[in-house]
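The values are calculated or read from the model by the stated rules, or taken from the named source; none is laboratory data. Predicted, not measured: the structure shown is a model, and the values here were computed from it. Neighbour counts are summed over all protein chains in view; Cβ atoms, including those assigned to glycine, are modelled from backbone coordinates with ideal geometry. Calculation scope for accessible area: heavy atoms of the full protein, side chains included, ligands and nucleic acids excluded. Shrake-Rupley method; radii C 1.70, N 1.55, O 1.52, S 1.80 Å.
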Amino acid sequence: MRYYVTIGERTFVVDLDGARASVDGVEVRADLRDAGGALQHLLLNGRSWPIVATPGSEAGAWTLHVGDNALRADVVDERTRAIREMTGTDTARRGPRPVRAPMPGLVLRVEVEPGQTVQAGQGVVIVEAMKMENELKADGGGVVSRVLVAPGQAVEKGTILIEFAGTGS
């Protein structure tokens, strides 16, 4: 089965065929195990990666916490991608998506303000969750339109923290 995985501005083609996996045509040794709850354990080419994977509000959207990094990933299969292309509903980027809390936590720092231009991958807010500081990043370049939280504020999973010009919630 073929999947298209978009992280930031880059899309990877991931092919899974039984016990074989390839990324952009390069075969990889990968084993993904459910470690309970949102925690996954990925063994990739002999290297171990604990990953916290939380689903987003849209189908195929995920927030992946790998070490100190939080990444937004959009995953679609071939059929879904083809339907989106045929119907014109492909998620062409018009700027970053709103930044949402990936899990309940406490806002420690807000690193942007309305009107500020951000780059893809730039940190915009720091949230403490499960006794870890998580830097949440913009998934594309754009302009901050609204900051909806303040330091010290508790947030629930899915709460919109930062919005960007031209994006909806």
Check your understanding: Of Ala61, Gly105, Ser145, whose Cα points farthest to the positive end of the dipole of region 1-146 (charges on the beta-carbon: +1 Lys, Arg; -1 Asp, Glu; origin at the Cα centre)?
Key -> Ser145
**Study point:** Structure-based [θ]222 nm, the chain - -39500 (n - 2.57) summed over DSSP H runs of at least 4, per residue, nearest 500
**Key:** -1500 deg cm²/dmol
Check your understanding: How would Met103, Met132 rank on accessible area, largest to smallest, probe 1.4 Å?
Key -> Met132, Met103
Revision key, fill the gap. Yeah, region 96-169 with a ≥ b ≥ c from its alpha-carbon gyration tensor (a/c under 1.5 is rounded, else prolate when a/b outruns b/c, oblate otherwise) is prolate
Practice item. Please check which bits of region 53-88 a label hung off Glu156 would reach, taking the label as a point 7 Å along Cα-to-C-beta and the cut-off as backbone N under 20 Å. Key: 54-59, 63
Practice item. Take the Cβ-Cβ distance between Ala120 and Val66 as r, set R0 to 22 Å, and report the resulting FRET efficiency rounded to the nearest 0.05. Key: 0.80
Practice item. Please say if region 26-83 is rounded, prolate or oblate, where rounded means a/c under 1.5 for a ≥ b ≥ c the square roots of the C-alpha gyration tensor eigenvalues, and otherwise the choice is prolate for a/b larger than b/c and oblate otherwise? Key: oblate
Revision key, fill the gap. Between Arg29 and Glu78, Cβ-based FRET efficiency (R0 30 Å, step 0.05) works out to 0.80
Review point. Net charge near Val110, counting Lys/Arg +1 and Asp/Glu -1 over other residues with Cβ under 14 Å of its Cβ?
Key: -3
Check your understanding: How much accessible surface does Thr87 have with a 1.4 Å probe, in Å² rounded to 10?
Key -> 90 Å²
Point to revise | Within region 1-131: Cβ-based charge dipole about Cα centre, in debye rounded to nearest 20 (Lys, Arg +1; Asp, Glu -1) | key: 140 debye
Exercise for review: Rank-order 27-34, 115-122 by packing density, defined as the average count of other C-beta atoms within 10 Å over each peptide's residues, highest first.
Suggested key: 115-122, 27-34
Review point. What full-extension length gain, to one decimal in nm, is calculated for Arg47 and Glu113 as 0.36 nm per residue of separation minus the Cα-Cα distance?
Key: 19.9 nm
Revision key, fill the gap. Taking Cα atoms, the helix 78-87 axis meets the longest principal axis of the chain at an angle in degrees (rounded to 10) of 60 degrees
